[in-house]
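Heads up: the structure comes next, in structure tokens.
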Amino acid sequence: MAKNDKMKVDEKEQSAQQQVQSGPPPQQRQVRFVEEGVKTQYSGVFNIGFGAEEVVFIFGNPSLNPNVVRIESKVAVSLKTAKRIAVTLTNMLRRHEAIHGEIDISAPKTVNDDKERIQ
């Protein structure tokens, strides 16, 4: 291929790239979140269940009886949405830990753990 031919090919590639880049800007979808009537709840306990086509997030809080958890709410989502939640939460936690350090998720110490062990 002659030098002039190569230059013509390069010019065509650049022209094609410019057309792609200068095309109409992608439309951005605007979503408005309406939070009327929404109540915020704290959850100290969670569990996750799943079926063939959904994942159920179960949120609750411990009661005075240590063997009882009061279920406060359940949220069912599709498997795709569950995966999006997992990816988003993982990314958010990575960013948080990069700034603030690793989050300790080990089981909390009980009163008996602090006492000396008598043999």
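A few remarks follow.
- Members of segment 43-65 found to be over 22 Å from Thr81 (Cα atoms) and loosely packed, with under 12 Cβ neighbours inside 10 Å, listed by number: Gly44, Ser63, Leu64, Asn65
- Only residues that are modelled with pLDDT of 95 or more, under 30 Å from Val38 (Cβ atoms) and not polar (S, T, N, Q) were counted across segment 73-119, and they come to 22.
- Some residue of segment 69-86 being on the phi < 0 side of the Ramachandran plot, among the polar types (S, T, N, Q) and exposed (fewer than 10 other Cβ atoms within 10 Å of the Cβ): no
- Residue count for segment 39-80 satisfying the condition of being out of contact with any strand residue (DSSP E or B) (no Cβ under 8 Å at 6 or more places or on another chain) and in a helix (DSSP H, G or I): 1.
The values are calculated or read from the model by the stated rules, or taken from the named source; none is laboratory data. This is a predicted model, so every value here is computed, not measured. No Cβ is skipped: glycine too gets one built from the backbone with ideal geometry, and neighbour counts run over all protein chains shown.
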